[in-house]
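Here the structure comes first, spelled out in structure tokens, and everything after it is commentary.
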Amino acid sequence: MDVLTAATYFKERPEWANAKVGHIGESMGETTAMNLMRPYLRRAFNDLYGKPPAQLDAAGALYAGCTERNTAEAFLPIPLFDAPYRWARWRVENPAKCANVRDGGTYTLEVNGATYPGTSEGYAQMRKDCIAMTRSGVVSGNKGDPKTGYGEWTAFFKKHLLE
């Protein structure tokens, strides 16, 4: 909600009305990038503030520590830089065990098929269990080059936000 609130605030200002707004996130921020593309969040914003949120012009998802696929709805048509699908090319890894599917009222961990209620308590337990499955906690990112993918995601945002 914070990202949508900020985007809406800026786009309502005359000096920013024509500006393009994006979000880039790493780990749980990657999950935020994905969630910003879901219709339910826009509906929740509208219910909370009595107006629709501004539409983001681009989103970047880098080095996911936890990802969720949702079978109940489609994503909005926002350009997405999807680093998880580029990992093999960049030779990076995401050893987190938290990739999951949200299907109706349940979460299912992909690594072992364990299911959890689709509530905040169920989500919290799933996160606790998935983090416990890793040997050194949830880590992700590059393997030696701190600028892994930098040129690609910079080009993506230049294209969608500056051109």
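Any chance the stretch 132-148 includes a residue that's modelled with pLDDT of 70 or more and not assigned by TED's automatic domain parsing to the domain that holds ALA19?
Yes, there is a match, as at least one residue in the stretch 132-148 is modelled with pLDDT of 70 or more and not assigned by TED's automatic domain parsing to the domain that holds ALA19.
For residues that are part of a loop (DSSP other than H, G, I, E, B), surrounded by 17 or more Cβ atoms within 10 Å (Cβ to Cβ), among the hydrophobic types (A, V, I, L, M, F, W, C) and at pLDDT 75 or above, tally how many sit in the stretch 19-68.
5
Which condition number does THR71 fail, the rest of (1) touching a Gly at 6+ places or on another chain (Cβ under 9 Å); (2) exposed (fewer than 14 other Cβ atoms within 10 Å of the Cβ); (3) modelled with pLDDT of 70 or more being met?
(3)
If I filter the stretch 1-11 down to residues being out of contact with any Lys or Arg (no Cβ under 9 Å at 6 or more places or on another chain) and assigned to a helix (DSSP H, G or I), which single residue comes out as surrounded by the fewest Cβ atoms within 10 Å (Cβ to Cβ)? Please lay out each step first, then the result.
Our first condition is that a residue be out of contact with any Lys or Arg (no Cβ under 9 Å at 6 or more places or on another chain); within the stretch 1-11, this holds for 1-3, 5-7, 9-11.
Restricting the remaining residues to those that are assigned to a helix (DSSP H, G or I) gives 2-3, 5-7, 9-11.
Values: ASP2: 8, VAL3: 21, THR5: 14, ALA6: 14, ALA7: 22, TYR9: 12, PHE10: 14, LYS11: 18.
My answer is ASP2.
Identify all residues within the stretch 1-27 that are hydroxyl-bearing (Ser, Thr, Tyr) and either under 14 Å from ILE78 (Cα atoms) or within 13 Å of the chain's Cα centre (by Cα) (or both); write none if there are none.
Of all residues in the stretch 1-27, those hydroxyl-bearing (Ser, Thr, Tyr) come to 5, 8-9, 27.
If the condition is that a residue be hydroxyl-bearing (Ser, Thr, Tyr) and either under 14 Å from ILE78 (Cα atoms) or within 13 Å of the chain's Cα centre (by Cα) (or both), then SER27 is the only one that fits.
Would you pick out the residues in the stretch 92-131 that are over 20 Å from GLU26 (Cβ atoms) and either modelled with pLDDT under 70 or among the aliphatic types (A, V, I, L, M) (or both)?
Selection gives VAL101, LEU109, VAL111, ALA114, ALA124, MET126.
The values are calculated or read from the model by the stated rules, or taken from the named source; none is laboratory data. None of these values were measured; they are calculated from a predicted model. Cβ coordinates were reconstructed from backbone atoms using ideal geometry, including for glycine residues, and neighbour counts include every protein chain displayed.
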